[in-house]
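Input: a single structure, listed below in C-alpha cells.
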Amino acid sequence: GIQVEQSPPDLILQEGANSTLRCNFSDSVNNLQWFHQNPWGQLINLFYIPSGTKQNGRLSATTVATERYSLLYISSSQTTDSGVYFCAARQGAQKLVFGQGTRLTINP
Amino acid sequence: NAGVTQTPKFRVLKTGQSMTLLCAQDMNHEYMYWYRQDPGMGLRLIHYSVGEGTTAKGEVPDGYNVSRLKKQNFLLGLESAAPSQTSVYFCASSNRDSKMNTEAFFGQGTRLTVV
C-alpha cells in the first residue's frame with residue numbers, strides 16, 4: 001500500500017514567521033488532503049489537493065503529483081495556527097493513509 | 001447539514017465489557033472509515049467500507065468488528081474491551097474514487113478509556 005511521510009516532525013516558530021511543511025507519498029494518488037488537528041483534537045479539513053495549487057487566506061498548498069510530494073505553506077503565522085498538521089493520501093479504491101504529522105508550535 | 005456524527009463522544013469501559021460506536025453521515029458517501037489515534041501518533045486505520053454491506057480490514061483490525069447495514073451508518077464494535085484499546089476513535093466518509101471529489105470528512109472523535 002501507499003506510504004506517506006511528513007517532515008519535519010516538529011517545528012517551533014515565532015509569531016509572524018512563515019513555514020513550509022512537506023508530505024511525500026510513495027505512489028500515484030487520487031486523493032491528497034491536508035488537515036489541522038487543533039488543541040481540542042478536532043480534525044479540520046484544510047485542503048483537498050491531489051494536484052495543483054490552492055490558496056485559502058494565509059495558507060496555501062501545492063501538490064506535484066508526478067514527483068509525489070505536497071507542500072503546505074503557512075504565512076505570517078499566528079498562535080492559533082499551533083497544532084498538528086497531517087497529510088493523508090489515497091491511491092485508487094484503497095484506504096486513506098495518514099502521515100505521522102508535523103507538530104507546529106507558534107510562540108507569541 | 002451535520003456531516004459526520006459520532007456517538008458517543010466519551011466513554012469509560014471496564015476491561016471485558018463490550019460497546020458499539022456509531023458513525024452516521026448525511027452526505028450520501030460510499031466510503032466510510034474507522035481510525036484510532038493514540039497519544040502523539042498519527043491516525044491508524046482499523047476497518048473501512050467501500051459500500052453498504054461491505055467491510056474490509058485496515059492496519060489494526062484485531063479486537064474490533066464493524067458493520068455497514070445502511071449506507072449512512074458504520075458501526076464499530078468492541079466485543080471484550082482491553083486497556084490497549086484506550087484511544088481516540090475517528091470516523092470518516094468520502095465519495096468513491098472516479099471523477100468525483102473524493103475529499104474525506106471526519107467526525108469529532110470518541111474518547112474511549114478502558115480501565
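The values are calculated or read from the model by the stated rules, or taken from the named source; none is laboratory data. Note that the structure is predicted; figures quoted are calculated from it, not measured. Here the Cβ positions follow ideal geometry from the backbone for every residue, glycine too, while neighbour counts run over all protein chains shown. To get the accessible areas, we keep the full protein, side chains included, count just its heavy atoms, and leave off ligands, DNA and RNA. Shrake-Rupley method; radii C 1.70, N 1.55, O 1.52, S 1.80 Å.
Looking at the structure I just gave you, is A:N31 of a type outside the set (A, V, I, L, M) and within 27 Å of B:T110 (Cα to Cα)? When the stated conditions are applied, A:N31 passes them. Only one entry in B:M19, B:M41, B:M27 is within 28 Å of A:T102 (Cα to Cα) and of a type outside the set (D, E), namely B:M41. Among the residues making up region B:10-30, those that are part of a strand (DSSP E or B) and open to solvent by 40 Å² or more (accessible area, probe 1.4 Å) are B:F10, B:R11, B:V12, B:T20, B:L22. Can you tell me which residue is nearest to the chain's Cα centre (by Cα) among those in region B:86-115 that are buried (at least 19 other Cβ atoms within 10 Å of the Cβ) and away from chain A (no Cβ under 12 Å)? Selected residue: B:L112.
The set of residues in region A:61-88 being closer than 25 Å to B:Y35 by Cα and not small (G, A, S) consists of A:T63, A:R68, A:Y69, A:L71, A:L72, A:D81, A:V84, A:Y85, A:F86, A:C87.
Taking every residue in region B:60-71 that is without any contact (Cβ under 8 Å) to a residue 40 or more places away in the chain and pairing it with any residue that is open to solvent by 40 Å² or more (accessible area, probe 1.4 Å), at least 6 positions away or on another chain, the pairs with Cβ-Cβ distances below 6 Å are B:V60/B:R44; B:V66/B:T55; B:S67/B:L75; B:R68/B:E52; B:R68/B:T55. In region B:35-55, of all residues being touching an Asp or Glu at 6+ places or on another chain (Cβ under 8 Å), at pLDDT below 95 and not in a loop (DSSP other than H, G, I, E, B), the one that is farthest from the other protein chains (Cβ to nearest Cβ) corresponds to B:R44. Scanning region B:56-81 for residues that are touching an Asp or Glu at 6+ places or on another chain (Cβ under 7 Å), within 16 Å of B:S94 (Cα to Cα) and surrounded by 13 or more Cβ atoms within 10 Å (Cβ to Cβ) turns up B:R68, B:K71, B:Q72. Can A:P39 be described as within 9 Å of chain B (Cβ to nearest Cβ), within 22 Å of B:F106 (Cα to Cα) and either touching a strand residue (DSSP E or B) at 6+ places or on another chain (Cβ under 7 Å) or of a type in the set (A, V, I, L, M) (or both)? Here the answer is no, as A:P39 does not meet what is asked. If the condition is being open to solvent by less than 10 Å² (accessible area, probe 1.4 Å) and within 16 Å of A:L32 (Cα to Cα), then region A:64-100 contributes A:S70, A:L72, A:Y85, A:F86, A:C87, A:A88, A:A89, A:R90, A:L96, A:G99. The strands (runs of 3 or more DSSP E) falling completely within region A:19-108 that include 1 or more residues that are farther than 23 Å from B:V88 by Cβ and in contact (Cβ under 8 Å) with a residue 60 or more places away in the chain map to A:19-25, A:102-107.
Restricting region A:52-108 to residues that are within 13 Å of another protein chain (Cβ to nearest Cβ) and polar (S, T, N, Q), which is farthest from B:Y48 (Cα to Cα)? Only one residue tops the list, namely A:T102. Which members of region A:3-28 meet the condition of being among the aliphatic types (A, V, I, L, M) and either under 26 Å from B:Q108 (Cα atoms) or under 13 Å from the mean Cα position of the chain (by Cα) (or both)? Hits for region A:3-28 are A:V4, A:L11, A:L21. Scanning region A:16-41 for residues that are closer than 16 Å to A:R103 by Cβ and open to solvent by 60 Å² or more (accessible area, probe 1.4 Å) returns A:T20, A:R22, A:P39, A:W40.
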